1. I'd like the residue in the range 143-160 that is among the small types (Gly, Ala, Ser) and over 12 Å from the mean Cα position of the chain (by Cα) and, out of all such residues, is surrounded by the most Cβ atoms within 10 Å (Cβ to Cβ).
2. For the range 112-143, give me each residue that is of a type in the set (D, E, K, R) and modelled with pLDDT of 85 or more.
3. Looking at the range 144-166, which of the residues that are within 17 Å of Val33 (Cα to Cα) and out of contact with any Gly (no Cβ under 8 Å at 6 or more places or on another chain) is modelled with the highest pLDDT?
4. Checking the conditions here, which among Leu28, Leu89 is in a helix (DSSP H, G or I), surrounded by 21 or more Cβ atoms within 10 Å (Cβ to Cβ) and either modelled with pLDDT of 80 or more or not charged (D, E, K, R) (or both)?
5. Which residue is modelled with the lowest pLDDT, if the candidates are limited to the range 92-111 and must be over 17 Å from Leu165 (Cβ atoms) and surrounded by 16 or more Cβ atoms within 10 Å (Cβ to Cβ)?
6. Quick check: is even one residue across the range 130-153 among the acidic types (Asp, Glu) and under 22 Å from Leu27 (Cβ atoms)?
7. Return the residues of the range 73-86 that are under 15 Å from the mean Cα position of the chain (by Cα) and either surrounded by fewer than 18 Cβ atoms within 10 Å (Cβ to Cβ) or assigned to a helix (DSSP H, G or I) (or both); say none if nothing qualifies.
8. Among the numbered criteria (1) surrounded by 17 or more Cβ atoms within 10 Å (Cβ to Cβ); (2) not in a helix (DSSP H, G or I), which single criterion is violated by Val60?
Amino acid sequence: MSSHPAPAQPPVSITETVRAKWIWFLLLGIALVIGGTAMIALPLASSIAVTLVIALVFTVGGVLQIWHSFSVKEWSGFLWNIATGVIALIGGVTIYINPAVGAFTLTLVIAGILLAQGVTQLLLAFKVRPHDGWGWLALAGAISLLAGLCIWFEFPSSAQWVLGLMGGVAVLMNGWSYIAIALAARRLGSA
């Protein structure tokens, strides 16, 4: 018997993790693109319907992002990815529980969600910066942050147009960022 401990396994690189799980990044991106498109397509629907759709998109997107985080937990962006999902989930559940809260309050809630999500998405992007596609994550975070600021500073008039358009664009860009990362990883994996 040897008294020497087994050598430590080298940490799995971000690129290797993403390359091995690229399909999960792609599916998350597609789900977010679908959700973002639905949000943009429904701005003229009744206030309650838009509220419930937004709540559903944030809730499902948050759950999928949390689930996705655990499916690639060896990825160094795990904590930032899960934080982004938790923020979306909490925001979605909060909106869903009280849909009659009104467009004004909902507008402020969405501004807060987008501000927080933008910051965490930017932090995640800089955490995974060596990986191809990190710029898409940074762009998604910047758009979420700018959308949140725009909503906040245009309040209360922003309550009339913001629900579908701005939230949808931010979710759509998040989706495209994950698709870009997945496709870059797949391309590197097949090279």
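The values are calculated or read from the model by the stated rules, or taken from the named source; none is laboratory data. Only a predicted model underlies this, so the values are computations on that prediction, with no experimental measurement involved. Neighbour counts are summed over all protein chains in view; Cβ atoms, including those assigned to glycine, are modelled from backbone coordinates with ideal geometry.
1. That would be Ala147.
2. Answer for the range 112-143, where residues must be of a type in the set (D, E, K, R) and modelled with pLDDT of 85 or more: just Lys127.
3. Checking each candidate, the answer is Leu165.
4. Leu28
5. Ranking the qualifying residues of the range 92-111, first place goes to Pro99.
6. Yes, that holds for at least one residue.
7. Passing the criteria: Phe78, Leu79, Trp80, Asn81, Ile82, Ala83, Thr84, Gly85, Val86.
8. For Val60, the failing item is (2).
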